[in-house]
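Beneath this line is the structure, given in structure tokens, with notes to follow.
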Amino acid sequence: MILIEAKENSPYICLDPSQNYMIMKGNSFMANPSQFYSSLNTWLMGYRVPDGEMFRIDITMGYYNTSSIQIMNLFLKTINQNNPGKVNLKFFIDREEEDLAESANTLVFNTGLTPTIELF
Amino acid sequence: MAKKSDISNKYIIYYEGEVDEAVLVFFIKKISDTKLLPNRSKSNIKFILIELITNIISHYSSSSHGVISVEDNEGQIIITSGNYVSETNLKRIESNLDVVKRIKNVKDHYNEQLKSVSYDKSVNLGLIEIYNRCKGNLKLSSKQIGKNLFITFKIKLNDIN
């Protein structure tokens, strides 16, 4: 289980492999995102979704810098490559923040995942 | 933190001093809270500031001192940032900007660069992001101050309404 509290420039993350679930919420524009996301990437390398189960990722979009985009894009690509057909991705996007939908598209670009999108 | 804001009618925000993550958070909050700009413009300004300021924090040389401002110039938003850089970084930025200026479809170029990212290789997408958001209205200048180089980005956003 990985639990990271949100700050103004870094997201809340709750990753619970026992429930096959990860939630991520908020901004990601810290100066050193590779350090911030290192625990997620370490976990990712050894993780496989159990047979017959699905892993669910819910991301509530905030403002991301391009360094964070690269890391999360690679994270999503890798989890999908390691667990083909077993990852459900859902974005939650503030309907008054049009540009965040564009950021969500960039996050998922070339990952092989087809997210569902819910506006709020 | 040495902060100045609203120093004249045209400045939405002005800052001069040490640049760190607290300054970045301050700018983003200030732009989010201002009632002087429509949401769409705020979003563009925030994305540009995020790239400019994280770049200063990550790549400054000799001093993290910087100048950052957002001003309203009769309906046109001008974002300016200045900071000290090494000669190597200045050459890298000038070279990257020359490449981006020659690209016909900046968004496609961004996506191609993103495709090439791996655990061993990151790419510099910040300049491409800024260039795309200001539609190429970006000027880069530099000057020698004593032994140091000071680089300035001036970015214009039209049609803010």
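In table form, for the structure just shown:
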read-out: Residues satisfying the stated conditions in region A:101-111, i.e. at the interface with chain B (Cβ under 8 Å from one of its Cβ atoms), more than 13 Å from the chain's Cα centre (by Cα) and closer than 20 Å to B:Arg40 by Cα; value: none
read-out: Odd one out for A:Glu98, checked against (1) more than 9 Å from chain B (Cβ to nearest Cβ); (2) within 30 Å of B:Val25 (Cα to Cα); value: (1)
read-out: Residue ID - farthest from the chain's Cα centre (by Cα), chosen from residues in region A:63-96 that are surrounded by fewer than 19 Cβ atoms within 10 Å (Cβ to Cβ) and farther than 18 Å from A:Leu40 by Cβ; value: A:Glu96
read-out: Filter result (more than 9 Å from chain B (Cβ to nearest Cβ) and among the polar types (S, T, N, Q)) within region A:50-95; value: A:Thr60, A:Ser68, A:Asn80, A:Gln81, A:Asn82, A:Asn83, A:Asn88
read-out: Residue within region B:143-152 that is surrounded by fewer than 17 Cβ atoms within 10 Å (Cβ to Cβ) and touching a His at 6+ places or on another chain (Cβ under 7 Å) present; value: no
read-out: Residue list for region A:10-39, restricted to those being under 18 Å from A:Lys86 (Cα atoms), surrounded by fewer than 21 Cβ atoms within 10 Å (Cβ to Cβ) and either within 12 Å of chain B (Cβ to nearest Cβ) or touching a residue at least 12 places away in the same chain (Cβ under 8 Å) (or both); value: A:Leu15, A:Asp16, A:Pro17, A:Ser18, A:Asn20, A:Tyr21, A:Ile23
read-out: Yes/no for A:Thr114 being within 23 Å of B:Glu112 (Cα to Cα), surrounded by fewer than 14 Cβ atoms within 10 Å (Cβ to Cβ), more than 9 Å from chain B (Cβ to nearest Cβ) and out of contact with any Lys or Arg (no Cβ under 6 Å at 6 or more places or on another chain); value: yes
read-out: Test: B:Ile53 is closer than 16 Å to B:Leu157 by Cα and either within 14 Å of chain A (Cβ to nearest Cβ) or surrounded by 19 or more Cβ atoms within 10 Å (Cβ to Cβ) (or both); value: no
read-out: Those helices (runs of 4 or more DSSP H) lying entirely in region B:75-161 with at least 3 residues free of Cβ contacts under 8 Å to residues at least 40 places away in the same chain and more than 12 Å from the chain's Cα centre (by Cα); value: B:87-102, B:106-115
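A short reminder: the numbers here are calculations on the coordinates, not readings from a lab. Computed from a prediction, not measured in an experiment: that's the story for all the values here. With ideal geometry, Cβ positions are generated from the backbone for all residues, glycine too; neighbour counts draw on all protein chains shown.
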